[in-house]
Each structure stands twice: as C-alpha cells, then as structure tokens.
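This report refers to the structure that appears directly beneath it.
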Amino acid sequence: RCLLKMVKGNIVVPEDILSFCCHGLQGSTSPPRTAEEQEEALGTMGGRSPTEVQMSQLVLPCHSNHRGELSAGQLLKWIDTAACLSAERHAGCPCVTASMDDIYFEHTISVGQVVNIKAKVNRAFNSSMEVGIQVSYEDLRSGKHCSICKAYATFVAQGPPGTKVKLEPLTPQTEEEKIEHSIAAERRRMRLVHKDTLKDLLTRSPRDTELETRDGSVVVPAEKTRVESVELVLPPHANHQGNTFGGQIMAWMENVATIAASRLCHAHPTLRAIEMFHFRGPSQVGDRLVLKAIVNNAFKNSMEVGVCAEAYGQEMSVSRRHINSAFMTFVVLDEEGRPQTLPMVVPQPGDGERRYREASARKKIRLDRKYVVSCKQTEVPLSVPWDQGNKVYLSYNNVSALKTLVAKANWVLAREKEKVRIYTLEEDKFLSFRIEMSVRISAGQAFSLLSDLRRRHEWDSHYTSAELVQQVDEDDAIYHVLSQTLSCENKPQDFVILASRRKPCSRGDPYVVAFRSVTLPTHPPSAGYTRGETLCSGFCVWPESEETSKVAYYNQATPGYLNYVTTNVVGLSSSFCATFEACEKFLLKNKDDLIARLQHL
C-alpha cells in the first residue's frame with residue numbers, strides 16, 4: 001500500500017496516513033459511546049481501553065536538529081495528534097486542545113530511533129476530558145526502551161455551531177485506569193487555581209527587582225534575546241474544521257523560543273520543560289500567526305523563555321487575537337551531558353522587570369510541583385514543609401495519595417466482626433489497612449462530622465485533643481493533634497496534620513477526607529512529645545441510599561509503625577473494631593444535631 005503520493009514534485013500525505021500510524025481513527029465521527037458500548041468494546045480489544053491510541057514514528061533526518069536529535073517541536077506535534085485522536089474516539093466528534101500540563105523531557109531522541117506514544121482518555125467531565133500521554137523511545141539495534149515524558153492534556157469536544165457537547169462518563173476497568181480516573185479530578189482542580197497560585201506568590205514577594213550576581217558571569221540585556229516571527233496557517237496545519245492544530249502552534253512556539261535561548265548563550269540549548277499552559281482561542285486557515293519570544297530570566301544552569309502567539313487575518317487594521325502564552329525552560333549541555341553555567345540577564349525597566357520577577361516565582365512553583373506532585377508516593381518525605389507557595393500541591397498530593405490507595409485491587413479481608421470489615425494490603429515496604437462499615441447516616445452528614453479533627457477524640461480513644469492551627473481555605477486545614485502514649489513509647493505523641501476535604505466531582509465519586517503530616521515552623525517538635533508522622537490516611541464515604549452510607553477509613557502504616565503492628569496484630573484488629581463501632585455511635589448521635597444546625601442556617 002502506498003502512503004505517499006508524488007504530486008508536482010511535492011510529497012503529499014493522504015488523510016488516512018494518521019489512521020495507518022495511529023490505531024483506530026476509524027469511527028471518530030460516530031455518536032458518543034454509552035457506558036455499555038464502552039464495556040463491549042473493551043471486551044473486544046483484549047482488555048485495552050477503547051479510547052487508547054498508539055503511535056509509533058521513526059525519527060528521520062527531516063525531524064531532527066543539527067545534533068541529529070528529534071526536535072521538541074516535532075515531538076509536541078506528535079503528542080498533540082495522538083492525544084486528539086484519543087479524545088475524538090471517546091467524544092465521537094471533533095475535539096480541540098484546551099490546555100497542556102507541565103511536560104518534563106527526561107532524555108533526547110536520536111535519528112534512527114522510534115518514538116512510541118500511547119494516549120488514552122483518563123476522565124470525561126461535562127464537555128472536556130483529560131487525556132494521559134506516555135512517550136518513550138525504542139532503539140531498534142539494541143532493543144532498549146526508555147521513558148521520555150508523561151503529559152496530561154485537556155481537550156474540549158466541539159459540536160455544531162451554537163451547541164454544546166455533553167460527554168458520556170468514562171468507565172475505568174483496570175487498577176491503573178481507576179487511579180488515573182480518580183486523580184484526574186484533582187489535577188483539574190489544580191489547573192483551575194494555577195494562576196491564583198502565581199498571583200499569591202508574587203503578592204508576597206518583594207516588589208523591588210534584585211538582580212542575581214555571579215562572579216565572572218557575562219551579562220546580556222534581555223532585549224538582545226527578543227525574537228519575532230510570522231507564520232501563515234495553511235490547510236496542512238489545520239484539522240478538518242479549519243482550526244490550527246494545537247501541536248503545530250506549540251511547534252512554532254518552540255522554534256522561536258529556541259532562537260531566543262540561543263541568542264543568550266550563543267550555543268545550542270536543549271528544551272527541558274514546558275510549563276502548564278492554556279489555549280485562549282482558536283486560529284483558522286488563512287490566519288497569520290505572530291510568534292514572539294524573549295528570555296525572561298537566566299538562572300545558574302537554566303533559563304526561562306516566554307513565548308506568545310497572536311493571530312490576525314488579512315486585514316491589518318483588525319486587532320490581533322491572543323492565542324497562547326507559554327514558558328519554556330532550556331539548558332545548555334556540555335559533551336558529557338552536564339548543564340553549563342549561563343550568562344546573566346538584565347531586564348528592561350517596567351515589563352522586563354515584571355517578567356524577571358514572575359520567572360523567579362514560576363521557578364519556585366515548578367520545583368514545588370515537580371517535588372510534591374510528579375514524584376512517586378514512596379519518594380515523598382513523610383513530612384513536607386508547608387507554606388503558602390506549595391499549599392495547592394501538598395493538598396493535591398494529600399488527596400491523590402489517598403485516592404491511589406483506595407483504587408488498589410489487592411485488598412485482602414483480614415477480619416469481619418458484625419458490620420465492621422478489616423482489610424489489609426501489603427505493598428513494597430508499606431502495610432495498609434482499610435476498615436469499613438455501613439451506617440444509617442447520609443454521606444454528606446458523615447463527611448461533615450468526620451472532617452473536623454477537633455471532634456475525633458469523642459470517638460477515637462487514641463486522640464487526646466486536636467487544635468486548629470490554620471484554616472488554609474474552605475477545603476484544607478492544619479491541626480496540631482495530641483495522642484495517647486503508645487505501649488512502646490514513654491511519652492505521648494503529637495502530630496501536625498494537613499486535612500484536605502473533597503466533595504464528589506461527579507456521580508459515583510466518594511466524599512474524601514485525607515490526612516498527611518506537614519512541617520510548620522510555628523510547631524516544631526518538643527521535648528515533651530514524640531513527634532509522630534502519617535504518610536497517608538483518611539476517610540472515604542460512599543452514599544448507598546439517601547439515609548445510608550458506606551464509611552471506610554484507610555491508613556498506610558509507615559516503616560516505623562510496622563514493628564508495633566507485627567507484634568500486636570490481634571490486639572490492633574480488636575482495637576480497630578472497637579474504635580469503628582464508637583465512630584458509628586458518634587455519627588448516629590450527632591446526625592440529628594447536625595440536621596438541626598443546617599436547618600437553622
């Protein structure tokens with residue numbers, strides 16, 4: 001089968017080449033799948049998600065830069081294409097890129113290697129959906145496989161003009177899909193507050209711009225790195241509706257950003273990361289896209305380049321439309337792959353100084369987000385310092401860790417006593433517990449009563465008291481908890497705990513109350529107490545009916561707690577049952593008082 005046609009000396013790629021390269025484009029314009037159709041399709045695909053798309057591309061010289069490495073812009077185009085095809089498989093209608101989360105590129109890819117991209121829809125909301133993308137490369141000679149990056153993109157379904165497409169909910173099947181589906185709601189929440197996080201950090205930072213000083217460093221005015229370029233949007237750059245591909249815009253933006261970075265360092269920079277960004281509007285075939293880039297700030301071994309894309313039509317008098325802004329991090333590597341020291345940047349007064357300060361703030365946010373959000377749960381320290389800058393990411397990590405634990409599939413029933421069931425899960429160096437029962441109380445009422453740690457001592461004999469240290473926002477609070485003395489200790493324990501509450505995002509989701517330890521300078525460890533730490537614990541409450549709910553408590557035991565657990569398994573099990581029975585009595589006793597207070601309000 002011939003995939004390429006030679007027309008007037010030009011290579012034309014037929015539309016069905018994407019279908020050949022990406023599994024399952026056929027049927028992308030069919031009506032949205034129902035939940036039953038999804039399950040039927042899953043059975044015919046050997047357990048693979050019906051929205052999963054796989055793309056494999058051989059890196060040719062035309063895809064590479066001067067070093068024989070795949071250009072980041074070309075990779076972004078492939079990522080966007082695969083993700084869009086996955087979104088359209090679920091939506092059954094055209095979709096456009098709305099946003100892309102942070103992307104961290106771990107390795108470069110050379111000519112002759114194969115790029116493997118897998119994309120599938122993690123969760124569908126009303127008219128938008130999150131698509132997860134995994135990128136790896138394959139060396140055909142050695143057979144080596146290596147991960148390149150993991151990305152999350154948000155796509156919006158597009159119906160006929162003036163209509164809004166309501167997406168069918170996605171039904172996850174495997175443990176991995178259930179975890180991604182559950183945490184997608186947290187990632188969505190984090191995207192919505194991203195701008196507020198930056199504004200808050202800038203508000204608390206000094207207004208006066210203090211330039212970084214480095215001995216022996218070359219100083220370059222930021223204006224010398226400025227780049228402006230224009231591109232004409234042609235039919236090959238757009239989809240069947242005439243809207244420019246998001247990946248094509250990202251590729252053009254990466255190109256001008258690379259030029260700006262090169263003007264600072266007079267070397268060939270390597271793209272390391274792209275910060276979360278949003279498309280503010282579409283562009284169409286015939287538009288002129290003006291792309292502007294400038295180095296906002298240069299740190300010791302990395303630099304941030306700001307890029308802006310604006311569109312206008314043939315009429316120059318019409319004002320330009322802001323399409324997108326992005327911030328890209330570049331490094332310059334030596335022959336051994338180590339980052340080199342970069343020249344310093346001197347910003348222009350006014351907007352230049354503002355961009356300089358914002359780049360410093362974004363660097364802190366990137367480090368916090370990568371440290372708390374991107375790393376694996378086992379790599380996060382038990383107790384992370386809490387501050388205003390990382391509060392959003394600690395809250396995300398707190399809830400996502402509990403949701404990950406809830407979605408695990410290998411829970412084993414250890415004991416059942418009347419209505420209380422105790423499950424255990426052994427994984428890596430952790431031993432986790434799940435205690436659950438049904439209670440004659442609505443899920444919302446149970447959620448309200450269990451989320452206030454100041455009342456936990458009323459039913460949990462291990463708690464002595466809990467002081468509210470800081471009400472971070474409506475959903476997050478920090479408590480200082482005092483507990484009783486354990487048999488293996490000679491003094492009582494205390495904890496500094498972040499409690500994060502979440503109401504259901506959609507039908508079928510539980511109410512969530514997640515707990516994890518944090519560090520506060522106002523509450524350091526004291527000699528009178530043994531400072532305890534909790535890595536992951538909390539409640540999930542599922543409504544079973546209007547008046548009945550299933551309440552489950554989860555606790556992931558830390559290595560320091562395992563010795564106590566293994567020597568007191570029988571006693572611990574009895575203690576769990578007694579404590580949960582007391583919890584049930586507490587909920588039933590207080591639900592009427594809670595109803596009366598809510599009616600009064």
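The values are calculated or read from the model by the stated rules, or taken from the named source; none is laboratory data. Just so it is clear, the structure is predicted and the values come from calculations on it, not from any experiment. Note that we place each Cβ from the backbone using ideal geometry, even for glycine, and neighbour counts take in every protein chain shown. Areas reflect the complete protein model, heavy atoms only, side chains present, ligands, DNA and RNA absent. Shrake-Rupley method; radii C 1.70, N 1.55, O 1.52, S 1.80 Å.
Residues in the range 136-150 that are touching a residue at least 24 places away in the same chain (Cβ under 8 Å), out of contact with any Phe, Trp or Tyr (no Cβ under 9 Å at 6 or more places or on another chain) and assigned to a strand (DSSP E or B): how many? Total satisfying the criteria: 2. Summed over the range 393-434, residues that are β-branched (V, I, T) and open to solvent by 30 Å² or more (accessible area, probe 1.4 Å) total 4. Of everything in the range 76-109 that is under 17 Å from the mean Cα position of the chain (by Cα) and among the small types (G, A, S), the residue that is farthest from M276 (Cα to Cα) is A83.
Okay, residues lined up against (1) open to solvent by less than 70 Å² (accessible area, probe 1.4 Å); (2) over 12 Å from E310 (Cα atoms):
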| site | (1), (2) |
| --- | --- |
| V219 | no, yes |
| E223 | yes, yes |
| V230 | no, no |
| G242 | yes, yes |
| G246 | yes, yes |
| T270 | yes, yes |
| I274 | yes, yes |
| K292 | yes, no |
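Scanning the range 201-255 for residues that are at pLDDT below 80 and under 23 Å from E88 (Cβ atoms) yields a single hit, H240.
Looking across the range 462-484, just one residue is over 17 Å from A514 (Cβ atoms), out of contact with any helix residue (DSSP H, G or I) (no Cβ under 9 Å at 6 or more places or on another chain) and without any contact (Cβ under 8 Å) to a residue 24 or more places away in the chain, and that is Q484.
In the set S451, S506, S500, which member is of a type outside the set (A, V, I, L, M, F, W, C), surrounded by fewer than 21 Cβ atoms within 10 Å (Cβ to Cβ) and out of contact with any Cys (no Cβ under 8 Å at 6 or more places or on another chain)? Break it down into steps so the answer makes sense when it comes.
Working: S451 fails: surrounded by fewer than 21 Cβ atoms within 10 Å (Cβ to Cβ); S500 fails: surrounded by fewer than 21 Cβ atoms within 10 Å (Cβ to Cβ).
Within the list S451, S506, S500, the selection yields S506.
Of all residues being of a type in the set (V, I, T) and over 19 Å from R48 (Cα atoms) in the range 137-185, which is most open to solvent (accessible area, probe 1.4 Å)? Just the residue, please.
First, pick out the residues of the range 137-185 that are of a type in the set (V, I, T): 148, 154, 156, 163, 165, 171, 174, 179, 183.
Okay, now just the ones that are also over 19 Å from R48 (Cα atoms), so 148, 154, 156, 163, 165, 183.
On the way: I148: 1, T154: 21, V156: 48, T163: 78, V165: 26, I183: 15 Å².
Out of the qualifying residues, it is T163.
Which one of these is open to solvent by less than 20 Å² (accessible area, probe 1.4 Å), in the same structural domain as G247 (by the TED database) and within 31 Å of the chain's Cα centre (by Cα): S325, S283? Outline the logic, then answer.
On the way: S325 fails: open to solvent by less than 20 Å² (accessible area, probe 1.4 Å).
Step by step, each of S325, S283 is checked, and only S283 is open to solvent by less than 20 Å² (accessible area, probe 1.4 Å), in the same structural domain as G247 (by the TED database) and within 31 Å of the chain's Cα centre (by Cα).
So which residues in the range 342-371 are of a type outside the set (D, E, K, R), part of a helix (DSSP H, G or I) and open to solvent by less than 50 Å² (accessible area, probe 1.4 Å)?
Quick first cut of the range 342-371, residues of a type outside the set (D, E, K, R) only: 342-350, 352, 356, 359-361, 365, 367, 371.
So of that shortlist, the ones also part of a helix (DSSP H, G or I) come out as 352, 356, 359-361, 365, 367, 371.
Selection gives G352, Y356, A359, A361, I365.
Considering (1) assigned to a loop (DSSP other than H, G, I, E, B); (2) at pLDDT 95 or above, the lone condition that G132 does not fulfil carries the number (1).
In the condition set (1) in contact (Cβ under 8 Å) with a residue 60 or more places away in the chain; (2) over 28 Å from I109 (Cα atoms); (3) basic (K, R), K292 is compliant with all but (2).
Give the range 512-553 a look and list any residue that's under 21 Å from L449 (Cβ atoms) and of a type in the set (F, W, Y), or say none. Reasoning before the result, please.
We begin by selecting, within the range 512-553, every residue under 21 Å from L449 (Cβ atoms); these are 512-516, 534, 537-553.
Scanning the range 512-553 gives F515, F539, W542, Y553.
Residue-level check: of (1) over 27 Å from the mean Cα position of the chain (by Cα); (2) open to solvent by less than 10 Å² (accessible area, probe 1.4 Å), P236 misses just (2).
What about F277, is it out of contact with any Pro (no Cβ under 9 Å at 6 or more places or on another chain) and more than 23 Å from V346 (Cβ to Cβ)? Write out each step before concluding.
Details: out of contact with any Pro (no Cβ under 9 Å at 6 or more places or on another chain): yes; more than 23 Å from V346 (Cβ to Cβ): yes.
Yes; evaluated as a whole, the condition is true for this residue.
Which of the following residues is open to solvent by 10 Å² or more (accessible area, probe 1.4 Å), modelled with pLDDT under 95, in contact with a Ser or Thr (Cβ under 6 Å, 6 or more places away or on another chain) and more than 30 Å from F125 (Cβ to Cβ): T485, T519? Explain how you work it out, then say what you get.
On the way: T485 fails: in contact with a Ser or Thr (Cβ under 6 Å, 6 or more places away or on another chain).
That would be T519, the only listed residue that is open to solvent by 10 Å² or more (accessible area, probe 1.4 Å), modelled with pLDDT under 95, in contact with a Ser or Thr (Cβ under 6 Å, 6 or more places away or on another chain) and more than 30 Å from F125 (Cβ to Cβ).
Checking each residue of the range 242-254 against the condition of being assigned to a strand (DSSP E or B) and outside the structural domain of V156 (by the TED database) gives at least one match.
Filtered by the rule that a residue be out of contact with any helix residue (DSSP H, G or I) (no Cβ under 6 Å at 6 or more places or on another chain), among the β-branched types (V, I, T) and buried (at least 16 other Cβ atoms within 10 Å of the Cβ), the range 114-136 gives V115, V135. Of the residues making up the range 94-101, at least one is touching a Gly at 6+ places or on another chain (Cβ under 8 Å) and surrounded by fewer than 21 Cβ atoms within 10 Å (Cβ to Cβ).
Criterion first (on the phi > 0 side of the Ramachandran plot and modelled with pLDDT of 90 or more) does G143 satisfy it? Steps first, please.
Numbers: on the phi > 0 side of the Ramachandran plot: yes; modelled with pLDDT of 90 or more: yes.
The answer is yes for G143.
Looking for whichever is over 26 Å from the mean Cα position of the chain (by Cα), part of a strand (DSSP E or B) and touching a residue at least 40 places away in the same chain (Cβ under 8 Å) here; the options are V551, V518. Which one fits? Step through it out loud before you land on a result.
Details: V518 fails: over 26 Å from the mean Cα position of the chain (by Cα).
Result of the check over V551, V518: V551.
For the range 248-260, taking the residues that are among the β-branched types (V, I, T) and over 23 Å from the mean Cα position of the chain (by Cα), the one that is surrounded by the fewest Cβ atoms within 10 Å (Cβ to Cβ) is identified as I259.
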